[in-house]
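See below for the structure under consideration.
The values are calculated or read from the model by the stated rules, or taken from the named source; none is laboratory data. The shown structure was predicted, so the numbers you read here are calculated from the model rather than taken from an experiment. Counting neighbours? That spans all protein chains shown, and the Cβs are built from the backbone with ideal geometry, glycine included. Side chains are part of the model used for accessible areas, which takes the heavy atoms of the whole protein and leaves out ligands, DNA and RNA. Shrake-Rupley method; radii C 1.70, N 1.55, O 1.52, S 1.80 Å.
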Amino acid sequence: MSGETVPGLRREAIGLREVLFQSITAMAPAAAVAASIPSGAAFAGGSLPLSVLIALVACLFTASCVAELARQLPAAGSVATYAAQGLHPAVGFLVGWGYVFVEALVPPLLLLQLGFTTAGTLHQEWSSYPDDLWWPWSLAGAAVIAVAGYFGVRASARFGTVLGVFEVLVFVVFAVWLIIKAGGDNTLSVFGTSHTAEGHDGISGVFAGSVYTVLAFAGFEAAAPLAEETKDPRRTMHRAVLGAALSIGLVYVLTTYAMAVFYGPDRFAGFGASGAASWEGVARASFGLFWVLVFLAVINSTIANANACANVSTRTAFALGRIRVFPQLFARLHPKHRSPVTGVAVQCGVALAAMLGLGFSYDPVTAFLLLATVIVTVVTGVYIVVNLACAGYFLRRRRDLFQPVRHLVFPLLGIVAFVPALLTAAGLPVFDFVSELTAPVSYAGPIVGVWMTAGVVVLIVLLRRHPGRIAETARVHLDETSPTDPRQSGAVQS
């Protein structure tokens, strides 16, 4: 890095295809299909396809709100800017504070999954390979993500596009194959309530399954932080966010239907993420070496998801560093690649520390569950705030564009959808199907509480000493056109 003035993120570096797959890979479709969505089968059983369909409709309400705000407020701060504009800059700061924290934890989460999935599969194939030798694979994945981030948004977004196409293609082809093999067992009854798990009869089992399935949609908003680097961002962001949620939601419906009718709806309650009753198990038993492609798609998904969320965390940190509510060092850019190199370096350090520290302190699977609980708790909370911000923005600031259904009904329905998911992720037994969390996963709540309390303290200090910085959380730098003022062009003195 030189000491020269760096003129901001690279404008118009990527298009719709790249930002669409930024959101798609952040949703980790292969990992969600193979690991996340089957958790709902314990409640919905063979009616899980209906649960997924309900979750898709529910998530589209929030995706619509994010898309509407992204079209009006194209900013690297994304959800922080939306909350600042729609509610209050102080709320925007706290949303950004929480969002950058959990998005920085997604790469170590996925690197842990990469490690224990690869090690476990190699041990299953060759017993001489230690099943606990997970960390070399995690380190290799961390290196790939760091290099992609260093070379800028074009490299990382195009890398994510290639990975995303592969994982989606593998599972769509496999799903079609399952449907063909199911033959006469294909039935639309799986979109009814007749196949729910024992003890969770009827619509209550479907609802419980949908709550767990909603969590597989997290990440559809990940295109938004790339707004300042995207061609025609107002149009592109809107299409990417909605397109990712809808397209991958339909993939979830297709794949869940395919496996339910092939495996058998009435015994689908025993389907899970590992063993014979899993995607890999079915592929091994019935489709020969096709299981290798399923395995590679899941591994691919972990790297793609980690790469996408590293983009989110570094851009959000850049946006907060630019207005100096984070250390200004986070706004420092590489003079050639225009990548936020400080953010990339810190992201890599956080990933290594969390991955190795928690992985060796407990074990990689336990560490994965702890990080996942922290992440999902905060992200679902962010979605609820963004729904409120959508209503607030169009009611308070853009009444000329206000549409009651899109800007009031949809946000309310989005909140209704994500409140049960938030309670479930936090392990709060408000519903009878929610299990209380046990240690160390139960530490997620205190971890989130400590981080957000620290954010409140920082907020109070900034409001007393530099209130203008908090106000700038609502600033949309892309709308500023003066090329002579470095503050208005988003330039940063390093």
### Task
State log₁₀ I(q)/I(0) for region 195-248 at q = 0.24 Å⁻¹ as given by the Debye formula over alpha-carbon point scatterers of equal weight, solvent excluded.
-0.87
### Task
Report, to the nearest whole %, how much of the accessible area of region 295-362 belongs to carbon and sulfur atoms, 1.4 Å probe, protein only.
66 percent
## Note on the structure
Phi-derived 3J(HN,Hα) across region 88-99 with the Karplus relation (6.51, -1.76, 1.60, θ = phi - 60°), rounded Hz, x for Gly and Pro, is 6, x, 5, 5, x, 4, 5, 5, x, 4, x, 5
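Can you bin region 281-326 into rounded, prolate or oblate? Criterion: square roots of the alpha carbon gyration tensor eigenvalues sorted a ≥ b ≥ c, rounded for a/c under 1.5, prolate for a/b above b/c, oblate for the rest.
prolate
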### Query
On average, how much accessible surface per residue is there in the chain, in Å², for a 1.4 Å probe, leaving out ligands, DNA and RNA?
38 Å²
### Query
If you take the square roots of the eigenvalues of the alpha-carbon gyration tensor of region 188-300 and sort them as a ≥ b ≥ c, do you get rounded (a/c under 1.5), prolate (a/b over b/c) or oblate?
oblate
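Tell me whether region 162-226 comes out rounded, prolate or oblate; compute the Cα gyration tensor, take square roots of the eigenvalues as a ≥ b ≥ c, and use a/c under 1.5 as the rounded threshold. Can you show the working numbers first?
Values: a/c = 3.78, a/b = 1.26, b/c = 2.99.
Note, shape of region 162-226 comes out oblate.
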### Message
Loop-only trypsin sites (Lys or Arg not before Pro) in region 267-371, please: DSSP not H, G, I, E or B, and at most 11 other Cβ atoms within 10 Å.
### Response
Lys336
### Query
If the chain between Leu408 and Ser286 were fully stretched, how many nm would it gain, using 0.36 nm times the residue separation less the Cα-Cα distance?
39.1 nm
### Message
Exposed loop sites here are GluC sites (Glu not before Pro) in DSSP loop states with at most 12 other C-beta atoms within 10 Å. What is the longest stretch of the chain lacking them?
### Response
199-435
### Message
Check the chain for me: any Cys whose beta-carbon has no other cysteine beta-carbon within less than 4.7 Å?
### Response
Cys59, Cys309, Cys348
### Task
Find how many whole Å separate the alpha carbon centroid of region 397-458 from the alpha carbon centroid of region 81-149.
21 Å
### Query
Which peptide among 52-65, 140-153 comes first, and what is the full order, when sorted by highest mean count of other Cβ atoms within 10 Å?
52-65, 140-153
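Under a Cβ-only charge scheme (Lys and Arg +1, Asp and Glu -1), can you give me the dipole magnitude of region 215-310 about the Cα centre, in debye to the nearest 20?
Here the size comes out at about 140 debye.
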### Query
Rounded to the nearest whole Å³, what is the per residue volume of the convex hull around the Cα atoms of region 114-197?
180 Å³
### Task
Please give the peptides 373-381, 419-427, 171-179 ranked by average Cβ packing (other Cβ atoms within 10 Å per residue), highest first, as a rough proxy for protection.
373-381, 419-427, 171-179
### Query
Can you list, largest first and rounded to whole Å, the semi-axes you get for region 53-209 by taking the square root of 5 times each eigenvalue of its Cα gyration tensor?
33, 30, 18
### Message
Loop-only trypsin sites (Lys or Arg not before Pro) in region 154-254, please: DSSP not H, G, I, E or B, and at most 14 other Cβ atoms within 10 Å.
### Response
Lys231
### Query
With +1 on each Lys and Arg Cβ and -1 on each Asp and Glu Cβ, how big is the dipole of the chain about its Cα centre, in debye rounded to the nearest 20?
1860 debye
